[in-house]
Amino acid sequence: MSPIIARFSLVLAATAGFTTVSLSAHAEDTTYRSADHWGRSGLTAGADLGFGTMRCSGDGGCDDFTESGSFGLHIGAMLNSRLAILADAWLMLHTEDRLTVSQGFLTAAARVWAIPHLWFQAGLGVARAEYRYDGTFAEFGDHTEWVPAFQLGVGVEVIATHSFGLDIAFRYGTGFYSDGDYRIHNLALVVGASFY
């Protein structure tokens, strides 16, 4: 098992254990409350920050970028206490030896809370991959066109109030690039905050 997958598994297991204990401790208190008890109404906005990998597929020399940063923003509206429609922007990048490789997403997404503190997200939109070299005597780079893309996510809220949620989540996304182009698969573990 690779070190990054091992880290993902450890954090997910710890989060799942913490959430199970928290939900058990509050089970009696929440049994008689409606779904609207959890708030989440009106407009929502948030951000997430984390790390992960950008896996590359395609013909020729295509490397994976295993130490990549992740940053996301979202804004939208709660249709009810368990369903949000979001505009989501997500960027992952890797910098090494003056070379920066990135892939960004702009998607329309739906986030659904299956139970009060566990959500799933899926979105469709566009993505673009880019590389840039910043050398002492030369600077150059290139990028793809914006192409159709999708992203998926699953998150566990470790703190939840009527107007705020702090979660740990996995995110995945890729674009549908033209034949001959490399394809990058973003995979990240993030900590996010949302306001309602």
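Report the residue count in region 143-163 for those that are surrounded by fewer than 19 Cβ atoms within 10 Å (Cβ to Cβ), more than 16 Å from V112 (Cα to Cα) and of a type in the set (A, V, I, L, M, F, W, C).
5
Tell me which of these F140 doesn't satisfy, since it passes every other one: (1) surrounded by 15 or more Cβ atoms within 10 Å (Cβ to Cβ); (2) modelled with pLDDT under 95; (3) not aliphatic (A, V, I, L, M).
(1)
The values are calculated or read from the model by the stated rules, or taken from the named source; none is laboratory data. Keep in mind the model is a prediction, meaning the values are calculated, not measured. Note that we place each Cβ from the backbone using ideal geometry, even for glycine, and neighbour counts take in every protein chain shown.
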